[in-house]
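For reference, the structure discussed in these notes is given below.
Laboratory data are not the source of any read-out in this text; all were calculated from the coordinates shown. Source: prediction; values computed, not measured. Here the Cβ is made from the backbone with ideal geometry for all residues, glycine too, and neighbour counts use every protein chain on show.
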Amino acid sequence: MLGSEERWRIARHLERLNDLGYSVDEVRIESDAAGEDRLRVQFSVASREHHASELRRRTGVAVSEGQARILLNDFHAYASQFDGPAPSAALTWRTDVFAAGLALVSGLAGAADPVQAFCDLLVVAGFSLSARVATSAA
């Protein structure tokens, strides 16, 4: 099983698909017959505002398309390992990860836009911070 500290692998895989012009519709981690974890990704060709619309639909978070692409990948990485129904994953991610992440970066000098600062942190760090932010918030 992928541990929470390995979510960055999922986020990186999704980022590569986005770079190729695809949007991710669903992410699941399933065990095969040998007990090995396999990542299952359902994707499609993305429209111009797809990521912003999808993030808003799933989590209620309204941001720009570029920010939504980063945040949606983080949400998918988080939700792929969430034990519970999808609406609960969205609510938990929004409160325990997104809101906690905004609180974390809002005090940084020069962070005029906390959402962009959180997105920049996700990109620069090179991995999903969901587990770390959620742990910090607890």
Return the long-range amide H neighbours of Ser23 (sequence gap of 5 or more, or a different chain), with a cut-off of under 5 Å between placed amide H atoms.
Ser44, Val45, Ala46
Multiply the residue gap between Arg16 and Glu65 by 0.36 nm, knock off their C-alpha separation, and tell me the result in nm, one decimal place.
16.0 nm
Around Asp120 (Cβ within 15 Å, Cβ-to-Cβ, excluding Asp120; K/R +1, D/E -1) the net charge comes to -2
So if the hydrodynamic radius of segment 4-137 is defined as the Kirkwood radius over C-alpha pairs, what does Stokes-Einstein give as its diffusion coefficient at 25 °C and 0.890 mPa s, in µm² per second?
163
Approximate spin-label separation Ala34-Phe82, in nm, with each point projected 7 Å along Cα-to-Cβ:
3.2
Environment charge at Ala52 (Cβ cut-off 10 Å; Lys +1, Arg +1, Asp -1, Glu -1)
+1
